[in-house]
Every structure is written in C-alpha cells, then in structure tokens.
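The numbers here are math on the coordinates, done by the rules we state, and not lab data. None of the values given here were measured: they were computed from a predicted structure. All Cβ positions, glycine included, derive from the backbone under ideal geometry; neighbour counts span all protein chains shown.
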Amino acid sequence: MRGRFERRTFLKAGIGFGVGLRLADPSIAAQEDPASIRPTEGDLLVRLGDSSATPLGPDDIPLSARPTMAWAMDPADKTVRSGSRLNQLLLVRLDPVTLTPETLSRAAEGVVAYTAICTHEGCDIDDWLADKQHLSCACHFSTFDPKDSGRVVEGPALRMLPALPLKVVDAKLVVAKPFTSRVGFGEPPL
Ligand code: FES
C-alpha cells in the first residue's frame, strides 16, 4: 500500500529550494556557498523544517516507518546545507538484520540515509511502500530498496540511489563519508 509521506513538507521544500526538474546547481555558487555543498564527513543531520536545527540521533528516526526528511549541518558554524534541493536526505531506520552487508556498513544503528532525488528524472522521492519497505517516486513509479544500497526494484530509473554513509557520535547521527555516487539523474557511467 502506497503511503504518501510528508507531502506537505516536500511541497514547502520545493517552493523554497526549487521544485520540479530544476536539478543543476549554479556551479560556482554551489562550490562557494557552504549551504549548497554536498554533505561532508562530520556533518550532523537536522530534520527538514526544524527551525531549532536540533541534531538528530538514531532514536529520533522511527523504526520501519516512513522516511524522515533531513539536511546535513556543519557542526562548527551550524550552517544547514539547505541551499540546494540536491542535498535533501531521506533517513530510514530499519532492522539491521534486514540490511545487506554493504548497506549495513553504511548504517548507524539501523539508520540509513539516501538522497531524496530520484535518479530517473529528478523528482522528489515521495512515497513509502510500507509492506515492502521500499522508497518510491510518484512521477514514473521507480522503486528503490533502502535495505540493499538503494537498488532499483522496478520502474524506469537506471541507477541506484546514492547513499550517504552514517555513523553515531555522542548519540547523534553524523555523516561518515560523502555520497556513494553523484546525486541527481542521468544514466551511468557517472
Ligand atoms: S523521476 Fe522518479 S521515476 Fe521518473
């Protein structure tokens, strides 16, 4: 059964950061603006729309539930990296025994992070298929498995979702490494 999640939040984010298929960052601005650079090792994570920018911990992400939308945040100057919609993250907490070894290696107490941008044509991934615990994009119904590296399960997308490896430091979720591949859409090779 399809469960539309945080649709209102997505729409608000889209208005703020450019909804639809506006995918390319202005490259110079993206490189220079700390809010627009991709999540960086050591970044904390904060819930999308949280004006208090409270860092998230594993227990803030409900088990086997619809994804939590988040941004990365520089821990030093508290810059929330919300300057590019390509930085939108989906956080899902899953039973670690259900994760493939590769996904488990990127998970933090069962929490996995993926881009919220569909690799097909760049729509927001806005559906959660609770029965199979899959992420789905309502634009053309590409479906991805967060338990298996964001693998494409069905639909027209040609490549898996870029994952953002996490770790836990002082009970908070922290970015362990950069995205596993380029965020956005397009065919491989990247
Ligand atoms: S943009 Fe997501 S399936 Fe086409």
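Listing for the model above:
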quantity: Shape category assigned to segment 66-190 from the gyration tensor of Cα positions, a/c cut at 1.5; calculated: oblate
quantity: Ranking of PHE141, PHE185 by count of other Cβ atoms within 10 Å, fewest first; calculated: PHE141, PHE185
quantity: Residue exposure sequence - LYS147, LYS167 - by fewest surrounding Cβ within 10 Å; calculated: LYS167, LYS147
quantity: Long-range HN-HN contacts of GLY150 with modeled amide H, under 5 Å; calculated: ASP145
quantity: Value of relative contact order over segment 33-190, rounded to a whole percent, pairs C-alpha under 8 Å and six or more apart; calculated: 23 percent
